[in-house]
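Colleague: Quick one: structure below, then a few questions.
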Amino acid sequence: MNYVHESNRISLSSPQGELLAEITFPLAHDNVVNINHTYVHPDLRGQQVADTLMRLALDDIQKNGLTFTATCPYAVHWLERHPEHKP
């Protein structure tokens, strides 16, 4: 799958341009972003796409020298299951 990395967003689209998955993490303040939204198309659920989005987002956040908070319910739950990634 070809994930597209943008500033504060990672997404996956079909060849026809349909949004299949995304995670957004806008700047909240100073050097802190807020992971505030994840979406995975129903056809892709259960295939670890949301997990991949979280890992890619955390990699991007770290590479850019930022820290993060999370208000997205999926992200909060994911971080509870992966305490090694907590801010």
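The values are calculated or read from the model by the stated rules, or taken from the named source; none is laboratory data. Given the structure is predicted, the values throughout are model-derived calculations rather than measurements. As a convention, Cβ positions derive from the backbone with ideal geometry for all residues, glycine included, and neighbour counts pool all protein chains shown.
For every residue, the table says whether it meets (1) at pLDDT below 95; (2) under 16 Å from residue 5 (Cβ atoms); (3) not polar (S, T, N, Q).
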position: 20; (1), (2), (3): no, yes, yes
position: 23; (1), (2), (3): no, yes, yes
position: 26; (1), (2), (3): no, yes, yes
position: 40; (1), (2), (3): no, no, yes
position: 55; (1), (2), (3): no, yes, yes
position: 59; (1), (2), (3): no, yes, yes
position: 69; (1), (2), (3): no, no, no
position: 77; (1), (2), (3): no, no, yes
position: 85; (1), (2), (3): yes, no, yes
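Colleague: Would you say residue 22 is loosely packed, with under 12 Cβ neighbours inside 10 Å and either out of contact with any Leu (no Cβ under 6 Å at 6 or more places or on another chain) or of a type in the set (Asp, Glu) (or both)?
Modeller: When the stated conditions are applied, residue 22 does not pass them.
Colleague: Out of the residues in the range 1-10 that are assigned to a strand (DSSP E or B) and of a type in the set (A, V, I, L, M), state the one that is farthest from residue 64 (Cα to Cα).
Modeller: 4
Colleague: Let me ask another. Looking only at the range 11-57, which residues are hydroxyl-bearing (Ser, Thr, Tyr) and closer than 25 Å to residue 67 by Cβ?
Modeller: Applying the first criterion (hydroxyl-bearing (Ser, Thr, Tyr)) to the range 11-57 yields 11, 13-14, 24, 38-39, 52.
Of everything in the range 11-57, those that are hydroxyl-bearing (Ser, Thr, Tyr) and closer than 25 Å to residue 67 by Cβ turn out to be 11, 24, 38, 39, 52.
Colleague: Quick test of your reading of the structure: residue 83 fulfils all but one of (1) without any contact (Cβ under 8 Å) to a residue 24 or more places away in the chain; (2) surrounded by 12 or more Cβ atoms within 10 Å (Cβ to Cβ). Name the failing condition by number.
Modeller: With respect to (1) without any contact (Cβ under 8 Å) to a residue 24 or more places away in the chain; (2) surrounded by 12 or more Cβ atoms within 10 Å (Cβ to Cβ), residue 83 is out only on (2).
Colleague: A follow-up question, please. Out of the strands (runs of 3 or more DSSP E) lying entirely within the range 11-54, which hold 3 or more residues that are out of contact with any helix residue (DSSP H, G or I) (no Cβ under 8 Å at 6 or more places or on another chain)? Can you show your working first?
Modeller: Numbers: elements: 19-24, 27-29, 32-35, 37-40.
Those strands (runs of 3 or more DSSP E) span 27-29.
Colleague: Filter the range 1-41 down to residues that are of a type in the set (Asp, Glu) and over 25 Å from residue 87 (Cβ atoms), then give me how many there are. Steps first, answer last, please.
Modeller: At the first step, the residues of the range 1-41 found to be of a type in the set (Asp, Glu) are 6, 18, 22, 30.
Filter again for over 25 Å from residue 87 (Cβ atoms), leaving 18.
Within the range 1-41, residues that are of a type in the set (Asp, Glu) and over 25 Å from residue 87 (Cβ atoms) number 1.
Colleague: Need pairs with beta-carbon distance below 6 Å; first residue within 9 Å of residue 24 (Cα to Cα) and within the range 1-13, second assigned to a loop (DSSP other than H, G, I, E, B); sequence gap 6+ or separate chains.
Modeller: The qualifying pairs are 8/25; 8/26; 10/3.
Colleague: Starting from the range 32-50, keep only residues that are free of Cβ contacts under 8 Å to residues at least 24 places away in the same chain, then list their pairs with residues that are outside any loop (DSSP other than H, G, I, E, B) whose Cβ atoms are within a distance under 6 Å, requiring at least 6 positions of separation or different chains.
Modeller: Note: pairs meeting the criteria are 39/22; 40/21; 40/49; 40/50; 41/20.
Colleague: Right, next: Taking residue 35, is it hydrophobic (A, V, I, L, M, F, W, C), at pLDDT 95 or above, surrounded by 12 or more Cβ atoms within 10 Å (Cβ to Cβ) and touching a Cys at 6+ places or on another chain (Cβ under 9 Å)?
Modeller: yes
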